[in-house]
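Below you'll find the structure, written out as structure tokens, and then a few comments.
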Amino acid sequence: MISVDGLTVEFGGTTLFKDVSFAINDKDRIALMGKNGAGKSTLLKIIAGTKTASRGKVSSPKDAVIAYLPQHLLTTDSRTVFEEAAQAFAQVFEMQHEIDDLNNQLSTRTDYESAEYYELIEQVSALSEKFYSIEEINYDAEVEKILLGLGFLREDFTRPTNEFSGGWRMRIELAKILLQKPDLILLDEPTNHMDIESIQWFEDFLINSAKAVIVISHDRAFVDNITTRTIEVTMGRIYDYKVNYSTYMQLRSERREQQQKQFDEQQKFVADNQDFIDRFRGTYSKTNQVQSRVKMLEKLPVIEVDEEDNSALRLKFPPSPRSGSYPVILEGMSKSYGSHTVFSDATLSIVRGERVAFVGKNGEGKSTMVKSLMGEIEYDGKLTLGHNTMIGYFAQNEASLLDEENTVFQTIDDVAKGDIRTKIKDLLGAFMFGGDSWNKKVKVLSGGERTRLAMIKLLLEPVNLLILDEPTNHLDMKTKDILKSALQDYDGTLILVSHDRDFLDGLVSKVFEFGNKQVKEHLCDITGFLEKKKMENLRELERTGKK
């Protein structure tokens, strides 16, 4: 058991949280929740030992291993993917090397009666006892199993890590953590940049193989599937619920209603007593009663109502001009880079008003297909955009493409045209950019703020085909819900590239699956697709088992 005792964090005269205490037990899978700035990441870093609290302590058994996956990683560039992942066992390999070195010294020395020789024997005995007590593991097989589960191909194993994007480096670091089999895994937004299949594998691993887990995540389906306990950080204290996220949300709402009721009753009680004090102050016969009530009000503990994040994105897409019946028709589209084929002979059509999802493992061609639709890259085959098709496009790296030296206001002012320029401040306000943030430079904005700013561009002119490539990365749950609601009300055609199952649920009615250099059409929603894939995977396992 790992215990958090009386943690307090203060800085600049502000208390982030005070006297926070809870225990982390074996098999606990905890979601750490709270609004931005409540102290979730700080609490995670203190438990990980990378940050120090003002007061309080974290206690754990002597040999306990706590592994932490931050959002910013330090993977080196000098190793291959396999070598970097195998660093999880570096301590074991070093121990083996030290034993070999000591044995070599013993075999070459002849001072058998010396104190130094006996000391070497004691060292090698102690180290060997520790080494052979470690469970025997086929290290190469373990590394291979984890890397494949996280979406790497065997041919990736020998590639240097510097050939991979930040998202894939995050998976290498995650592989190292999972291979250590730690007593507690701390995860800060682990599913960003993961595809659906990798997330499902990761969920299964955490549920069936991990000891204890604490996770901060904006992926509601992931949080709901893996966690059995929710700790909310709010107003400097915590609430600990032994339930998953969805049940916590319901209990939290009930808790706040009860608090509000008690607060209202207390306010009425205070008002009634204050009215009595004001009316009879100076009345000789009521002096004792007045003084008694004054003292009572002074000592009355004030009931607090937990804060709610009332900042709300107001998002509504403009009405769509009418397009042709088929905004997108592809016939025999193929795309290759040299000898590498991304997909071939892709044939599909999208009907006006349809909402479709592009899903599949990373690297199978989803974003490549989108870039082909946008005319950003060349391809083979035929692409026909329907009559009067007007595209609004949100690229996967849209937020990172913003000019960091521009202010928030300049970013929109530079691309706005016509009458909309008179409404820039209203647009910024609707996206939670108040007047105090208009002059902030983009480089100081958080990932979520950048994503919101980039999304404003979609509202600058009416479109009838929205193409969104991973729009929910860096968005919190509340903002994702608002975006999802706006897309449900959108009256145009929608293409969504996303790994967020909860976001896609109820939003799309058709799924295009990218994999094995093909694009397959599934006439079902995301839930139906995942059930279908689960059955296919189970049948594949059965076939493999019979060989």
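The values are calculated or read from the model by the stated rules, or taken from the named source; none is laboratory data. Because the structure is a prediction, the values reported are computed rather than measured. A quick note on method: Cβ atoms are made from the backbone with ideal geometry, for glycine too, and the neighbour counts reach across all protein chains shown. Note: accessible area is taken over every heavy atom of the protein model, side chains too, but ligands, DNA and RNA are not part of it. Shrake-Rupley method; radii C 1.70, N 1.55, O 1.52, S 1.80 Å.
Below, the figures for the structure above:
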{"read-out": "Some residue of the range 237-246 being open to solvent by less than 10 Å² (accessible area, probe 1.4 Å) and touching a residue at least 60 places away in the same chain (Cβ under 8 Å)", "value": "no"}
{"read-out": "Condition met for LYS295 (more than 30 Å from LYS478 (Cβ to Cβ), at pLDDT 90 or above and charged (D, E, K, R))", "value": "yes"}
{"read-out": "Only listed residue being out of contact with any His (no Cβ under 9 Å at 6 or more places or on another chain), open to solvent by less than 50 Å² (accessible area, probe 1.4 Å) and aliphatic (A, V, I, L, M), chosen from LEU153, LEU206", "value": "LEU206"}
{"read-out": "Cross-chain or 6+ apart pairs with Cβ under 7 Å, the range 455-482 first and surrounded by fewer than 21 Cβ atoms within 10 Å (Cβ to Cβ), then among the charged types (D, E, K, R)", "value": "MET477/ARG220; LYS478/ASP309"}
{"read-out": "Residue that is modelled with the highest pLDDT, among those in the range 200-233 that are more than 16 Å from the chain's Cα centre (by Cα) and of a type in the set (D, E, K, R)", "value": "ARG229"}
{"read-out": "Residue satisfying all of: in the range 59-104; assigned to a helix (DSSP H, G or I) and modelled with pLDDT under 75; most open to solvent (accessible area, probe 1.4 Å) among these", "value": "GLN91"}
{"read-out": "Qualifying residues in the range 218-238 (those that are among the hydroxyl-bearing types (Ser, Thr, Tyr) and part of a strand (DSSP E or B)) - the one nearest to GLU197 (Cα to Cα)", "value": "THR230"}
{"read-out": "Selection status of GLY447, under 20 Å from LYS478 (Cβ atoms) and under 21 Å from the mean Cα position of the chain (by Cα)", "value": "yes"}
{"read-out": "Output for the range 1-58, where each listed residue is over 16 Å from ILE214 (Cβ atoms), charged (D, E, K, R) and not in a strand (DSSP E or B)", "value": "LYS35"}
{"read-out": "Residues located in the range 393-442, provided they are among the charged types (D, E, K, R) and touching a residue at least 40 places away in the same chain (Cβ under 8 Å)", "value": "GLU398, LYS417"}
{"read-out": "Filter result for the condition that a residue is crowded, with 17+ Cβ neighbours inside 10 Å and touching a Pro at 6+ places or on another chain (Cβ under 7 Å), over ARG293, ARG352", "value": "ARG352"}
{"read-out": "Among (1) in contact (Cβ under 8 Å) with a residue 40 or more places away in the chain; (2) surrounded by fewer than 19 Cβ atoms within 10 Å (Cβ to Cβ) - the single one ALA38 does not satisfy", "value": "(2)"}
{"read-out": "Close pairs (6 angstrom Cβ cut-off, 6 or more residues apart or separate chains): within 21 Å of GLY39 (Cβ to Cβ) in the range 213-231, aromatic (Phe, Trp, Tyr) anywhere", "value": "VAL223/TYR245; THR230/TYR241; THR230/TYR245; THR230/TYR248"}
{"read-out": "Qualifying residue in the range 190-199 (condition: over 20 Å from the mean Cα position of the chain (by Cα) and outside any helix (DSSP H, G or I))", "value": "no"}
{"read-out": "Any chance LEU348 is of a type outside the set (Val, Ile, Thr) and in contact with a helix residue (DSSP H, G or I) (Cβ under 8 Å, 6 or more places away or on another chain)", "value": "no"}
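Residues are listed down the side, and each one gets a yes or a no for (1) open to solvent by 50 Å² or more (accessible area, probe 1.4 Å); (2) free of Cβ contacts under 8 Å to residues at least 60 places away in the same chain; (3) part of a strand (DSSP E or B); (4) in contact with a Leu (Cβ under 9 Å, 6 or more places away or on another chain):
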{"residue": "LEU315", "(1), (2), (3), (4)": "no, no, no, yes"}
{"residue": "LYS335", "(1), (2), (3), (4)": "no, yes, yes, no"}
{"residue": "ALA346", "(1), (2), (3), (4)": "no, no, yes, yes"}
{"residue": "ALA357", "(1), (2), (3), (4)": "no, no, yes, yes"}
{"residue": "SER372", "(1), (2), (3), (4)": "no, yes, no, yes"}
{"residue": "LEU383", "(1), (2), (3), (4)": "no, yes, yes, yes"}
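Residues are listed down the side, and each one gets a yes or a no for (1) in contact with a strand residue (DSSP E or B) (Cβ under 6 Å, 6 or more places away or on another chain); (2) within 24 Å of ARG220 (Cβ to Cβ); (3) assigned to a helix (DSSP H, G or I):
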{"site": "ASP240", "(1), (2), (3)": "yes, yes, no"}
{"site": "MET249", "(1), (2), (3)": "no, yes, yes"}
{"site": "GLN258", "(1), (2), (3)": "no, no, yes"}
{"site": "GLN262", "(1), (2), (3)": "no, no, yes"}
{"site": "GLU265", "(1), (2), (3)": "no, no, yes"}
{"site": "VAL270", "(1), (2), (3)": "no, no, yes"}
{"site": "SER292", "(1), (2), (3)": "no, no, yes"}
{"site": "LYS295", "(1), (2), (3)": "no, no, yes"}
{"site": "VAL302", "(1), (2), (3)": "no, no, no"}
